[in-house]
1. Zone of Glu100 (label point 7 Å along Cα→Cβ, backbone N under 17 Å): which residues in the range 15-49?
2. At most 13 other Cβ atoms within 10 Å and a DSSP loop assignment: could you name the GluC sites (Glu not before Pro) in the range 1-33 that fit?
3. Determine the gain in length on full extension of the stretch Arg134-Ser113; use 0.36 nm per residue of separation and subtract their C-alpha separation, reporting nm with one decimal.
4. What part of the accessible area of the chain, given as a whole %, is carbon or sulfur when the probe is 1.4 angstrom?
5. Over the Cα atoms of the range 37-104, how large are the radius of gyration and the largest Cα-Cα distance (Dmax), in Å?
6. Among (i) 29, 20, 12; (ii) 23, 17, 15; (iii) 24, 21, 14, only one was calculated for this model; which label is it, if the read-out is semi-axes √(5λ) of the Cα gyration tensor in Å?
7. Grab the DSSP H runs of the chain that are 4 residues or longer, score each as -39,500 (n - 2.57), total them, divide by all residues and round the 222 nm result to the nearest 500 deg cm²/dmol.
8. Please find, in a Gaussian network model of the chain (springs between Cα atoms separated by less than 10 Å), the residue of His127, His73, His111 whose mean-square fluctuation is greatest.
Amino acid sequence: MQITVPNDILLAEVGALLAEGKDVEILTKGVSMLPFIVGDRDSVLLRKDNGSRPLAPGDIVLARIAGTNYVLHRVMQIGRNVVVLRGDGNIRVCETVSPENVLGRVIRIIHPSGKSFRPGGAVIWRHSSELFRRFVLSIYKRTIYKILMNNEKG
């Protein structure tokens with residue numbers, strides 16, 4: 001039996017578990033982290049920052065962005081009291097949050113096969129031009145993403 005829980009309820013509970021020092025695995029949704037994380041297919045293992053390694057550009061984090069809205073996006077920049085996030089699949093849109101609204105960091109990306117890996121910093125992707133990202137994402141969504149989703153259904 002599968003139960004669907006609204007994101008605001010689920011992710012608030014995930015935040016509470018992370019604050020208690022527990023690791024939490026969640027199934028991702030959406031396309032904002034394509035091509036590196038495929039929504040409705042890949043899961044991520046989240047961990048609260050324990051101070052062993054400071055948050056850095058390239059990290060993927062779960063953050064509360066406004067009230068009960070949450071995103072799982074990549075850190076683009078870190079300022080004095082601000083963290084700038086952007087989904088890998090987003091061309092222009094960025095979110096700005098305070099560091100205390102970063103609930104946890106992705107420590108593993110898990111494919112349905114059970115294979116998992118540490119997320120990389122996607123340095124080339126983060127520093128590529130809008131035109132390059134748009135081109136690659138367009139091709140990816142029209143080909144590879146469709147194949148992946150058709151294989152999941154069939």
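The values are calculated or read from the model by the stated rules, or taken from the named source; none is laboratory data. Bear in mind the structure is a predicted one, so any value in this text is a computation, not a measurement. Cβ placement follows ideal geometry from the backbone for every residue including glycine, while neighbour counts extend to all protein chains displayed. Protein only, heavy atoms only, side chains kept; ligands, DNA and RNA dropped before computing areas. Shrake-Rupley method; radii C 1.70, N 1.55, O 1.52, S 1.80 Å.
1. 15-16, 19-20, 49
2. Within the range 1-33, the qualifying GluC sites (Glu not before Pro) (loop, at most 13 other Cβ atoms within 10 Å) are Glu20.
3. 4.7 nm
4. Values: 5100 of 9200 Å².
Here it works out to 55 percent.
5. For the range 37-104, the Cα-based Rg and Dmax read 11.7, 35 Å.
6. Checking each listed value against the structure points to (iii).
7. Mean residue ellipticity at 222 nm (helix-derived): -7500 deg cm²/dmol.
8. His127
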